[in-house]
Amino acid sequence: MKLSNQALGAIMMALQKSLMEQSDIVPVLQDMNFIHDPADQSQSALVVTNPPVINIENADVAEAFDDTVEE
């Protein structure tokens, strides 16, 4: 059994969230619900039904990229 790309992405988002919030990643990983990927006929891949959500408050994304964009 393997993790699907979606499940790997969910784990990476959990890592990113824990780094941004400077919090422990273990509870987030323990709360993840895995099921067989319905699109995988062999049922050899897992997906996460409740991936972590990252909220960015008071962030000006355009301002963060102003230095990297040249006109």
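Where a number appears in this text, it was derived from the coordinates with a stated rule and is not lab data. Computed from a predicted model, the values in this text were never measured in an experiment. Reconstructed Cβ throughout: ideal geometry from the backbone, glycine too, with neighbour counts over all protein chains shown.
Just so you know, in segment 38-58 the residues that are within 12 Å of residue 8 (Cβ to Cβ) and not small (Gly, Ala, Ser) include one that is nearest to the chain's Cα centre (by Cα), and it is 51.
Scanning segment 27-55 for residues that are exposed (fewer than 14 other Cβ atoms within 10 Å of the Cβ), closer than 20 Å to residue 2 by Cα and not hydroxyl-bearing (Ser, Thr, Tyr) gives 30, 31, 33, 35, 38, 39, 40, 41, 43, 50. Residues in segment 1-26 that are surrounded by 11 or more Cβ atoms within 10 Å (Cβ to Cβ) and β-branched (Val, Ile, Thr): 11, 25.
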